[in-house]
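Below is one structure, written out as structure tokens, with a few remarks after it.
The values are calculated or read from the model by the stated rules, or taken from the named source; none is laboratory data. Given the structure is predicted, the values throughout are model-derived calculations rather than measurements. Reconstructed Cβ throughout: ideal geometry from the backbone, glycine too, with neighbour counts over all protein chains shown. Only protein heavy atoms, including side chains, enter the accessible area calculation; ligands, DNA and RNA are left aside. Shrake-Rupley method; radii C 1.70, N 1.55, O 1.52, S 1.80 Å.
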Amino acid sequence: MLLYPPQADLALLETEAVAGGAAALTALAWALRQRDSRRALTLADQARQALGDETGAAAQRVLIRLALIRSEIAAMYSQFDEAEDRLAQARRQLAEWPDPMASGDALLAEAAVAKARGQRERELEAYGRAAAVYGEARLLDRQAQAQAWEAYERSFAQPELALSETLVADPACDALWSAARALRLSRRELAESASLFLHASEQAQRVGLLRLAVVCVMNAGTALQSLGEIDDAVACFDLAEGVAQQTGWPALLGASQTRLAALFNELGRPDEAHAMAGAALRSLAATPGGINRANACGELARSLLLLGRGIEAVAHVAEAIRMYREASSTDNLALCLINQARALAAAAQPEAALAAIAECEQLSAIHGFSALQVDVYEALAEIHRRHPDLPAPAGMTAATAALHYARATLEEGRRLPGWKPQPHLFRLLAEDCAAAGDWQEAYGHARRAVELLETRPIATPVRGAPVSDAAGLWRPAFAAPLPDEADGHAALRLTPKEHEVLKLLALNYANKEIATAMAIGDETVKWHLKKVYAKLDAGSRKHAVTRARALGLL
């Protein structure tokens, strides 16, 4: 029995389960435990009933597997006592009927329970022990999967961790290593990180790792939101919440609601963000404190800050920081320190705000979170707007510290591959210039803000049910390939930027030439090309141009 049966195996497993045998029903339940946990529980009940009073080795293997299925599913539903009881049941049976494969699988089930309970040390130890058990039994595929899980989970606290760059054929390992590499890049190279997360999500779906797939889509959306690709970010968050609603898993649902709250905050819609963050905390009420709860507290604090309730925000952001420290989530901690600085500045505590920024910069220097510098400068500009009597930064040439840091925000962002400034940055720059008496520059920034608002309409989450393709995979709308070459609406699937990239591709422009012609970064060109390839179902530049011509796009 494979640890993570591929999508292609499901039809055969369904056929075999029709006869109603306990082993066949258990095999299907095992394959569906993360794909469709409700149905997996129903199948587990049917398997137990079919087993009856049978004894012997085969019957015990079924009972052990059923206990592990129930343990993993109970953990996903935050039913921790049930999860621990089923895990203990499986181990009692394994003590009487030893089985190296099932023993390793029990350790992976323990890791899943520990993760759901926020017991990080126990989780990592279980992965290591599982890899050792599989290794001794020469179950090399399973050993590689356990090692990939451990590397992925360690990447949250150690983003600088050296990762294997070796290509792997197994979709589960590929998903986990790709997600780990994406985490490492998530505060450095946002476009590449988004692309890796989306790849990891598709690979995870192929082997039924639904939770991992949804988390990767959410992380891709966060990276795209940081790049200013709001439409694509919305597509990711819509998809993630739709799948999470279908699963009914509290932690996953709460995490997806938190990402929507973050998006509403980014769009300047704090009332909706506040409501969504509250919904996330209610979904997460049954879960222990951890990264998910910390994220929700952080977004609740951001919404309060935007609503002018900075004093209330301080307590919530402090709670988020406490949980990030406990979880050793360094990248989230660094970002939350920026939000804490904003809340403290709004609560008339500027020195404490600057101390939070200093800690964030220290973490960024240690772990290489270069992409966060944009947020740091933006927060410093806000702090100095609220408290103009603070000491000016060394080497300042601008009229005010707020203007100095606002300009630095724009300059730093433009160094970041694929970054797009949002309209509010230019609006604030215009206000800072006006306050300094530079009306010409103020007018230029105000005009740019208006242009962005007019030419880049902001998408709104539609929060619809996810739709899967013929292969059973769901993707954000922008990543979906064209369903049919004869689709008369094919051109509507390419954004204006993608169409422009495609036209330059047809003229044999190299990536750097496309970047120069469109005044965008190299990484942004790569991002657009990947989306064009996916939509045209093309494997190369030449193939993309050929397909586009056949579809009448060129």
### Test: residue in the stretch 112-125 that is in contact with a Pro (Cβ under 6 Å, 6 or more places away or on another chain), within 15 Å of S71 (Cα to Cα) and either crowded, with 16+ Cβ neighbours inside 10 Å or at pLDDT below 95 (or both)
yes
### Message
Every residue in the stretch 215-257 that is open to solvent by less than 20 Å² (accessible area, probe 1.4 Å), within 19 Å of L284 (Cα to Cα) and small (G, A, S), please.
### Response
A240, G242, A244, G254, A255, S256
### Query
Which one of these does D81 not meet: (1) under 30 Å from W474 (Cβ atoms); (2) open to solvent by 40 Å² or more (accessible area, probe 1.4 Å)?
(1)
### Message
I'd like to verify a number: residues in the stretch 127-154 that are within 19 Å of V215 (Cβ to Cβ) and either open to solvent by 20 Å² or more (accessible area, probe 1.4 Å) or not aromatic (F, W, Y) (or both), how many?
### Response
8
### Summary
Filter the stretch 1-58 for residues that are in contact (Cβ under 8 Å) with a residue 12 or more places away in the chain and of a type in the set (K, R); the one that is least open to solvent (accessible area, probe 1.4 Å) is R33
### Query
Taking interchain pairs and intrachain pairs at least six residues apart, which have beta carbon atoms under 9 angstrom, with the first residue in the stretch 243-257 and in contact (Cβ under 8 Å) with a residue 12 or more places away in the chain and the second of a type in the set (F, W, Y) and assigned to a helix (DSSP H, G or I)?
S256/F237
## Note on the structure
Checked the stretch 281-324 for anything within 17 Å of R117 (Cβ to Cβ) and assigned to a helix (DSSP H, G or I); matches are S283, I291, N292, R293, A294, M323
### Query
Taking the stretch 1-59 on its own, how many of its residues are of a type in the set (D, E) and not in a helix (DSSP H, G or I)?
3
### Message
Can you pull out every residue in the stretch 191-207 that is crowded, with 24+ Cβ neighbours inside 10 Å and under 30 Å from A29 (Cβ atoms)?
### Response
F197, L198, A200, S201, Q203, A204, Q205, V207
### Message
Being touching a residue at least 12 places away in the same chain (Cβ under 8 Å), assigned to a helix (DSSP H, G or I) and open to solvent by 50 Å² or more (accessible area, probe 1.4 Å) is the filter here; which residues of the stretch 513-548 pass it?
### Response
A517, D522, K526, K530, R541
### Summary
Across (1) within 21 Å of E523 (Cβ to Cβ); (2) surrounded by 22 or more Cβ atoms within 10 Å (Cβ to Cβ); (3) in contact (Cβ under 8 Å) with a residue 40 or more places away in the chain, T409 clears everything bar (3)
### Task
Could you list all residues from the stretch 155-173 that are open to solvent by 20 Å² or more (accessible area, probe 1.4 Å) and modelled with pLDDT of 90 or more?
P171
### Failed item in (1) surrounded by fewer than 24 Cβ atoms within 10 Å (Cβ to Cβ); (2) in a helix (DSSP H, G or I), with R188 passing the rest
(2)
### Query
Is it fair to say D53 is acidic (D, E) and modelled with pLDDT under 95?
yes
### Query
Here are A327, A343, A315: which of them is buried (at least 23 other Cβ atoms within 10 Å of the Cβ) and among the aliphatic types (A, V, I, L, M)?
A343
